[in-house]
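**Q** Below is one structure. I have some questions about it.
The values are calculated or read from the model by the stated rules, or taken from the named source; none is laboratory data. Here the structure is a predicted model, which means the values were calculated and not measured. Ideal geometry is used to build each Cβ from the backbone, glycine not excepted, and the neighbour counts take in all protein chains shown. To get the accessible areas, we keep the full protein, side chains included, count just its heavy atoms, and leave off ligands, DNA and RNA. Shrake-Rupley method; radii C 1.70, N 1.55, O 1.52, S 1.80 Å.
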Amino acid sequence: MATLLLSAAGAAAGGLSGGSLLGVSSVALGRAAGATLGRVIDQKLLGSGAQAVETGRIDRFRLTGASEGAPIGQIYGRVRVGGQVIWATDFLETSIRSGGGKGAPSQPATTSFSYSISLAIALCEGTISHVGRVWADGEEIDPSTLNMRTYHGTDDQEPDAKIAAVQGADVTPAFRGIAYVVLEDLQLEQFGNRVPQFSFEVTRPAQNVELSAPEDMASAVQAVAMMPGSGEYALATTPVFFDNGFGDVQAANMNTASGESDFSVSVDVLGAQLPDCRATSLIVSWFGDDLRCGDCTLTPRVERYNADPEMMPWRVSGIDRASAQQVPLDSGDTPLYGGTPTDASVVEAISALVEAGQDVMFYPFILMSQTDGNALLDPYSGNSDQPTLPWRGRITTALAPGVDGTSDGTVAAEMEVTAFMGGAQPGDFTVDGTTVSYSGSDFGYRRFILHYAHLCAAAGGVSTFCIGSEMRGLTQVRGANNSFPAVTALQVLAADCRAILGTDCEISYAADWSEYFGYHPQDGSGDVYYHLDSLWADPNIDFIGIDNYMPLSDWREGRTHLDADAGSIYALDYL
C-alpha cells in the first residue's frame, strides 16, 4: 500500500518541479524515489521475500531411558520391553534452504531443519532369538523403516560397525551377553524432532534344565502346520487390497504395521522363533456340501463377490470369482470360513517356504458347508437335517453302516464312492506357467487332488504330498465281498499323483488316528479289517501318515476321577 501511495506522490512532486536529469523526466524520477521509500515501509510492516523464515529448529534435546547403573533385565518367553540407551551419537542437524533468490524476490527464503541420531538400546541379558514388533510412543511402527540392527546377546558377537566408526574400533565394546539393537541415523522428524520412547517385542527361549543337553522347547520343534488353510489371500506373500469404491481400500492380508503380508511375517517369525524347524505342512481347503458321499461335491469357494483385486484376481482350478460358490454365512451374512486360497497365493507360499529352508508338505483339507436348517438327510440318524459344519471324517454312504437300509457291503456302496471320487484324469488339466486349468465340469474328489498335484509341480515341487486327510467314514465303506472301494481309489490316485510329482516327492495319506490301524465294524461280529494295509503297502505310498491329537494328561471332567486329587489340570507337578 505504501509503495503505491508514495509512488504516486513522488510522481506528482516531480511534475511540480519540472525538467529532467540525464534525459529522465522529473516525473519518472519522483515515481521511482517514492516507490523505493514505500517498498521499505511495506517490508517493515508486512514482511517480504527478503526476510528469511526458519522452521523446525530446536535448541535442546533430551534422551529418555538412559540411566547409568540401572539393572539389566532378564526375560523368558516373549516379552515387550523398553530397554535402556547404552550409546548415542550427538544429534545431527541438517538444513535445507528453499525459496527466495533472484527468481522469486517476493517469496520468503525458508530454511527447514531436520535432525537424526544413532543410538544403541540394551534389551535384556542373555541370548534372544528374535525381535519382533516395535513401538514408538505406544504406536506400532514398521521395523524396516528404522535401519535397525539386532544383536542377540551371544558370547561371541562382534562390535557394531557404526559404534566402532564413531568411537574407534579399539575402544568399542561388543556388549557380549547383552541383547541390544542399534538404530542408525534415526530420522526424528516423524517423531516431532525428538527421540520417541521405544519398546520392543523380544523373544528368548527358556532353557530346559531337565534335559541332559542344553536344549530348549524352541529348538525341539522340527515341524509345524501352517494355518489357517482358508482365506482367499491368507497364503499370499504379495500384499493384496480390495478396492470397494469411493476411496474405500481394504487390505486383504495385512494385519501388522510391517508393510508385509501376514504370510510373509509368519514365515519370518517361524524362522526366528523356531530355528530348528525344517518342515511345514501347507493346508489348503475346498468345501464339501453333503455327508452322503454319492451326493457330495467338492468346490473352491470365495468369501465375497463385490470386488476382485487387480494385483491378484481370485482364480482356482480355472474358476474365477464370479463363477465360484460362496462360503457359508452366518445370520448376519458374515463368512463362517475364509475362502479357498487363490492358486497364485499357493504358489507364492510354496516358494516362500522353500526359500526359508522349509520342506513343504501339501495337505488338502475338506471343510463342510452345511448350516442350520440344511434339510439334508443325516446318514447317521435318518433325521432331516445334517449337523452344522460337520467333520469330513463323517462322509459316508447315504445311510451309514449300521443304520437300517444302508448300502454298506454292496455294489451300491461302491457306486456311491465312485460318484464321490469323480472322473477327473491327469490329462484333463492344462498347465501354463504356474496357472492350472481344468477342461471338464466334474467336482469330484479326484479333481481336487489332481489340481493341486499339478499346481505343486508347477510351483517347483514340494517335499511331501498328501492325497487326502482324515476321511475315516469313507475309507471304512465296504463294497461287495468286504472290499474297500475308497482305499482302492486312493491307490489309483496315488499312482496318478506320482506321475505328476515325480519320484523326489514323498506321497502318503494322512489317516485319522482312529482310522490308520484298522476297522472294527460295530455289528456284533467282532471282525477286524486292516483296510488301509493295501494302501500303506502300495509302491506309490512312501510312509504311513497319522493325524494324531494326543492329550497332555488323563484328566477327565468332574471330580470323581483318580486324578482329581491333583487339584487342577494346570498343576505342573501333575502334568
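**Q** Is there a residue in the stretch 198-219 that is at pLDDT 90 or above and open to solvent by 40 Å² or more (accessible area, probe 1.4 Å)?
**A** Among the residues of the stretch 198-219, not one is at pLDDT 90 or above and open to solvent by 40 Å² or more (accessible area, probe 1.4 Å), which makes the answer no.
**Q** With the requirement that a residue be basic (K, R), buried (at least 19 other Cβ atoms within 10 Å of the Cβ) and either within 24 Å of the chain's Cα centre (by Cα) or at pLDDT below 95 (or both), what does the stretch 282-320 give you?
**A** Result: R301, R315.
**Q** So E184 clears everything in (1) surrounded by 13 or more Cβ atoms within 10 Å (Cβ to Cβ); (2) without any contact (Cβ under 8 Å) to a residue 24 or more places away in the chain; (3) part of a strand (DSSP E or B) except one condition, right? Which one?
**A** Result: E184 fails condition (2) only.
**Q** Taking the stretch 258-274, which residues are part of a loop (DSSP other than H, G, I, E, B) and surrounded by fewer than 16 Cβ atoms within 10 Å (Cβ to Cβ)?
**A** G259
**Q** Which one is most open to solvent (accessible area, probe 1.4 Å), of the residues in the stretch 377-432 that are in contact with a strand residue (DSSP E or B) (Cβ under 8 Å, 6 or more places away or on another chain) and small (G, A, S)?
**A** Of everything passing the filter in the stretch 377-432, A398 is most open to solvent (accessible area, probe 1.4 Å).
**Q** Can you tell me which residues in the stretch 433-457 are open to solvent by 40 Å² or more (accessible area, probe 1.4 Å), free of Cβ contacts under 8 Å to residues at least 60 places away in the same chain and of a type outside the set (G, A, S)?
**A** D442
**Q** Restricting the search to the stretch 220-249, which residues are open to solvent by 30 Å² or more (accessible area, probe 1.4 Å) and not in a loop (DSSP other than H, G, I, E, B)?
**A** Correct list: A220, A223, V224, A225, F241, D243, V249.
Residue-wise test of (1) β-branched (V, I, T); (2) assigned to a loop (DSSP other than H, G, I, E, B); (3) at pLDDT 70 or above.
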site: L63; (1), (2), (3): no, yes, no
site: Q74; (1), (2), (3): no, yes, yes
site: R78; (1), (2), (3): no, no, yes
site: W87; (1), (2), (3): no, no, yes
site: E93; (1), (2), (3): no, no, yes
site: G101; (1), (2), (3): no, yes, no
